[in-house]
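I have placed the structure first, in the form of structure tokens, so that the comments after it can refer back to it.
Computed from the coordinates by the stated procedures, all read-outs in this text should not be read as laboratory data. Small disclaimer: the values here were computed from a predicted structure and weren't measured. Note: ideal-geometry Cβ built from the backbone for every residue, glycine included; neighbour counts use all protein chains shown.
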Amino acid sequence: MRKKYNIKRTFLVVILFLFVIKLNSQTTDYPQRQIDYSNIDISRIDFSFLNFEQFSFGFKLSPSIGWLNVKNTDLQADGAALKFGMGGIADYAINNNISVVSGVNYNWFGGYVFDNKSLNDPATKDNYKLNYTQVEVPLSLKLKTNKLNKISYYIQGGLNAGFIITANEEHQSISKNTPIKPTNINPLTNPNRLGYQVSVGSEYYITNKFRIFGDICYKNSLSNIALSESYISSGIYSTPLEILPGSMEFTIGILFR
């Protein structure tokens, strides 16, 4: 039993540690204080206020529809794209109707855009796709009903902090025989992202310790993922640029304890 609790404690600390680091990294305009984490000993942290029997862990798959909200005099949004995500979940039940949910996700997001350059390029289609991948750490509050015939319903909302790993422009050639290699835009992209999410869903209890769930989750960004000054200094655009990604996720997953 002690080994099981230690695994749960370690998993919880990693999630909370990642979330705090990502929130702290959103402030990029000020000098960052270097903090030495090497002396942190997880085994000495007091978790006596937590009941680890109230934790559930699980996994989820999340196909989604992604889009980009764009603010610029040239670049314009031009439609949604199908994306995908997956992740691990940690659910701490405060009582039968309220729980705190976190985890670690890996997902793809983005959407279609166009600008004067793409419109005037006869060799490519008028619009093109911006693609991003990220590691994301959400933190949400979940309110759910009591079980009725093994089913409960819930609403959930909170913040999510992400670190963007890859970013590229995907142009499509007019000719099918001349594919175009995606353009890396990582140097033009802010790796840190902060957003919010709201979801509704239901859980089906197969047993008291094992359940499956499904939900629909709306996500939107609170921070600009485009490095506007880099776009301007590189000569791509002459005015400030703001890109705020959003998505609608359709999630299915399992929870166990």
Every pair of residues 6+ apart whose Cβ atoms lie under 7 Å, when the first sits in the stretch 79-100 and is within 15 Å of Phe213 (Cα to Cα) while the second is outside any strand (DSSP E or B) and hydrophobic (A, V, I, L, M, F, W, C): Ala90/Phe11; Ala90/Leu12; Ala90/Ile15
For the stretch 193-200, indicate whether the set of residues that are surrounded by 14 or more Cβ atoms within 10 Å (Cβ to Cβ) and farther than 26 Å from Lys144 by Cα is non-empty. yes
In the stretch 196-216, which residues are hydrophobic (A, V, I, L, M, F, W, C) and over 15 Å from Asp91 (Cβ atoms)? Val198, Val200, Ile206, Ile216
Residue count, the stretch 135-192 (criterion: assigned to a strand (DSSP E or B) and either surrounded by 14 or more Cβ atoms within 10 Å (Cβ to Cβ) or in contact (Cβ under 8 Å) with a residue 60 or more places away in the chain (or both)): 28
Taking the condition of being part of a loop (DSSP other than H, G, I, E, B) and among the polar types (S, T, N, Q), how many residues in the stretch 193-225 meet it? 3
Has the stretch 112-134 got at least one residue that is among the hydrophobic types (A, V, I, L, M, F, W, C), touching a strand residue (DSSP E or B) at 6+ places or on another chain (Cβ under 7 Å) and under 24 Å from Ile254 (Cβ atoms)? no
Of all residues in the stretch 202-221 being small (Gly, Ala, Ser) and under 23 Å from Ala80 (Cα atoms), which is surrounded by the most Cβ atoms within 10 Å (Cβ to Cβ)? Ser221
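Please enumerate the residues belonging to the stretch 156-191 that are under 30 Å from Ile89 (Cα atoms) and among the hydroxyl-bearing types (Ser, Thr, Tyr).
Those that are under 30 Å from Ile89 (Cα atoms) and among the hydroxyl-bearing types (Ser, Thr, Tyr): Thr166, Thr189.
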